[in-house]
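S.K.: Structure below; questions to follow.
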Amino acid sequence: MKKGNRVAKAAIEFESHDKPLNGFHMVGFTICDDKEKGLFVLFPASIVRKDDSGATKPFFFLRPESDEDLNNLEEAILDIYESMTGKFNTPVLRTDRKID
């Protein structure tokens with residue numbers, strides 16, 4: 001992540017029908033803006049040491065069953081962000097996204 005491309009932080013709030021997660025929030029989502037990628041989401045992760053050489057890899061807290069599920073969640077987060085910022089924020093948008 002480049003310095004300065006973070007535009008927002010996001011969380012998922014679980015509701016009463018999401019038992020036993022009712023009342024919990026999953027934090028750690030970061031919405032970023034990049035001139036090449038446009039808006040995208042970084043998902044909650046932790047960097048863990050892979051081996052004795054000091055190599056690291058991300059450990060993701062959300063693990064989808066498919067890439068499509070992950071893309072759907074990213075789109076939902078970006079849709080909500082865009083609906084909340086509207087005309088007050090003019091991020092560089094990906095060309096494949098449509099804003100109403």
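S.K.: If I filter segment 18-34 down to residues being of a type in the set (D, E, K, R) and not in a strand (DSSP E or B), which single residue comes out as surrounded by the most Cβ atoms within 10 Å (Cβ to Cβ)? Steps first, please.
M.R.: Initially, segment 18-34 is screened for residues of a type in the set (D, E, K, R), giving 18-19, 33-34.
The next check asks that each one be not in a strand (DSSP E or B); those that pass are 18-19.
Numbers: Asp18: 12, Lys19: 9.
For segment 18-34, the residue satisfying everything is Asp18.
S.K.: Determine whether segment 6-17 contains at least one residue that is part of a loop (DSSP other than H, G, I, E, B), more than 15 Å from the chain's Cα centre (by Cα) and of a type in the set (Gly, Ala, Ser).
M.R.: Within segment 6-17, the first condition is being part of a loop (DSSP other than H, G, I, E, B), and the residues that meet it are 14-15.
The next check asks that each one be more than 15 Å from the chain's Cα centre (by Cα); those that pass are 14-15.
Narrowing the set further to residues that are of a type in the set (Gly, Ala, Ser) leaves none.
No, because not a single residue in segment 6-17 is part of a loop (DSSP other than H, G, I, E, B), more than 15 Å from the chain's Cα centre (by Cα) and of a type in the set (Gly, Ala, Ser).
S.K.: Filter segment 14-27 for residues that are at pLDDT 90 or above and touching a Phe, Trp or Tyr at 6+ places or on another chain (Cβ under 8 Å); which is nearest to Leu62 (Cα to Cα)?
M.R.: Out of the qualifying residues, it is Met26.
S.K.: Being more than 21 Å from Met84 (Cβ to Cβ) and at pLDDT 80 or above narrows it down to one residue among Thr56, Thr30; which is it? Lay out the reasoning, then the answer.
M.R.: On the way: Thr30 fails: more than 21 Å from Met84 (Cβ to Cβ).
Criteria check complete, one pass: Thr56.
S.K.: Let me ask something else. In segment 62-84, what residues are loosely packed, with under 12 Cβ neighbours inside 10 Å and part of a loop (DSSP other than H, G, I, E, B)?
M.R.: Arg63, Glu65, Ser66
S.K.: Give the residue that is farthest from Asn5 (Cα to Cα), with candidates limited to residues of segment 31-51 that are touching a residue at least 12 places away in the same chain (Cβ under 8 Å) and charged (D, E, K, R). Before the answer, list the steps.
M.R.: Applying the first criterion (touching a residue at least 12 places away in the same chain (Cβ under 8 Å)) to segment 31-51 yields 31-35, 37-47.
Filter again for charged (D, E, K, R), leaving 33-35, 37.
Numbers: Asp33: 5, Asp34: 6, Lys35: 9, Lys37: 11 Å.
Among those residues, the one meeting the criterion is Lys37.
S.K.: Pairs needed: first member in segment 52-70, under 25 Å from His25 (Cβ atoms); second member anywhere, of a type in the set (Asp, Glu) and not in a helix (DSSP H, G or I); C-beta distance under 7 Å; at least 6 residues apart or different chains.
M.R.: Close Cβ pairs satisfying both conditions: none exist.
S.K.: For segment 8-30, how many residues meet the condition of being under 16 Å from Glu75 (Cα atoms) and not small (Gly, Ala, Ser)? Reasoning before the result, please.
M.R.: Within segment 8-30, the first condition is being under 16 Å from Glu75 (Cα atoms), and the residues that meet it are 8-12, 29-30.
When the remaining residues are screened for being not small (Gly, Ala, Ser), the result is 9, 12, 29-30.
Qualifying residue count, segment 8-30: 4.
The values are calculated or read from the model by the stated rules, or taken from the named source; none is laboratory data. Predicted model only: the values in this text are computed from it and were never measured. FYI the Cβ positions are ideal-geometry reconstructions off the backbone, even for glycines, and counts take in every protein chain you see.
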